[in-house]
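K.L.:
What follows is a single structure, and I will ask about it in a moment.
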Amino acid sequence: MIAGSPQISKYNSNSGEGEVAQYIISDQPTLTMKVNIWGEVKHPGQYLVPYTMKVDIISLLSMAGGPTPEANLKKIIIIRADNDAGEAGKITVNMDEYFTKGELSGIPDLGPNDTVIIQKTFIGRLNSNNTIFNVLQLLATIYLITNG
């Protein structure tokens, strides 16, 4: 349970034991849902958002403080939670159309318990593992051994 969160209730009255709550009734008369964002954002975590508000990746990115400089916005993954409609799966979204043309048609709305994963770019992955430094150090060592 999220610290300080309102009482959690399943929206569908036919809920059974062990099911994850998809909607939350907060102190105010607002129906909210949980969505997750992981990876290359400034504040990853779980967010409670109003269900009545259309929440997409752009809104969630804003709530999470925006992407980090190493975020790969060309390949955002949404893990769609299994909901009452039976929809589950993985969606990949490329934000290029939005950034270049302001086109929103390829950006899906998020649903309850969806998880958005923002991975690092290729260069970001290299930098985070100090791979470039290690390769240069190896090449310098090889050069010194063969030409020393």
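K.L.:
Condition first: touching a helix residue (DSSP H, G or I) at 6+ places or on another chain (Cβ under 7 Å), within 22 Å of THR32 (Cβ to Cβ) and surrounded by 13 or more Cβ atoms within 10 Å (Cβ to Cβ). Can you find one or more residues in segment 103-114 that meet it? Give the derivation first.
P.N.:
Kept after step one, since they are touching a helix residue (DSSP H, G or I) at 6+ places or on another chain (Cβ under 7 Å), are these residues of segment 103-114: 103-104, 106-107, 110.
Applying the additional criterion that residues be within 22 Å of THR32 (Cβ to Cβ) yields 107, 110.
Cutting the leftovers down to surrounded by 13 or more Cβ atoms within 10 Å (Cβ to Cβ) gives us 107, 110.
Yes, some residue in segment 103-114 is touching a helix residue (DSSP H, G or I) at 6+ places or on another chain (Cβ under 7 Å), within 22 Å of THR32 (Cβ to Cβ) and surrounded by 13 or more Cβ atoms within 10 Å (Cβ to Cβ).
K.L.:
Which of the helices (runs of 4 or more DSSP H) contained wholly in segment 58-148 include at least 2 residues that are touching a Leu at 6+ places or on another chain (Cβ under 9 Å) and at pLDDT 80 or above?
P.N.:
Working: elements: 96-101, 122-128, 131-147.
Ranges flagged: 96-101.
K.L.:
Okay, next question. Those residues that are over 14 Å from MET63 (Cβ atoms) and in a loop (DSSP other than H, G, I, E, B), I need them from segment 30-46; list them, please.
P.N.:
Step one: of segment 30-46, the residues over 14 Å from MET63 (Cβ atoms) are 30-31, 39-40.
The answer is THR30, GLU40.
K.L.:
Tell me yes or no: at least one residue of segment 42-53 is over 15 Å from PRO112 (Cα atoms), modelled with pLDDT of 60 or more and exposed (fewer than 13 other Cβ atoms within 10 Å of the Cβ).
P.N.:
So the first thing to find is which residues in segment 42-53 are over 15 Å from PRO112 (Cα atoms), and the list is 42-44.
From the residues that got through so far, the ones that are modelled with pLDDT of 60 or more too are 42-44.
Cutting the leftovers down to exposed (fewer than 13 other Cβ atoms within 10 Å of the Cβ) gives us 42-43.
Taking every residue of segment 42-53 in turn, at least one turns out to be over 15 Å from PRO112 (Cα atoms), modelled with pLDDT of 60 or more and exposed (fewer than 13 other Cβ atoms within 10 Å of the Cβ).
K.L.:
Would a scan of segment 24-34 turn up a residue that is closer than 30 Å to THR121 by Cα, surrounded by 17 or more Cβ atoms within 10 Å (Cβ to Cβ) and modelled with pLDDT of 65 or more? Reasoning before the result, please.
P.N.:
Quick first cut of segment 24-34, residues closer than 30 Å to THR121 by Cα only: 33-34.
Applying the additional criterion that residues be surrounded by 17 or more Cβ atoms within 10 Å (Cβ to Cβ) yields 33-34.
Keeping just the survivors that are modelled with pLDDT of 65 or more gives 33-34.
Among the residues of segment 24-34, at least one is closer than 30 Å to THR121 by Cα, surrounded by 17 or more Cβ atoms within 10 Å (Cβ to Cβ) and modelled with pLDDT of 65 or more, which makes the answer yes.
K.L.:
Can you tell me which residue in segment 91-136 is nearest to the chain's Cα centre (by Cα), limited to those that are charged (D, E, K, R) and closer than 12 Å to ILE78 by Cβ? Lay out the reasoning, then the answer.
P.N.:
Quick first cut of segment 91-136, residues charged (D, E, K, R) only: 96-97, 101, 103, 109, 114, 120, 125.
Adding the requirement that they be closer than 12 Å to ILE78 by Cβ leaves 109, 114.
Values: ASP109: 13, ASP114: 9 Å.
Here the answer is ASP114.
The values are calculated or read from the model by the stated rules, or taken from the named source; none is laboratory data. A quick note: this is a predicted structure, and the numbers were derived from the prediction, not measured. Using ideal geometry, Cβ is built from the backbone for each residue, glycine included, and neighbour counts are taken over all protein chains shown.
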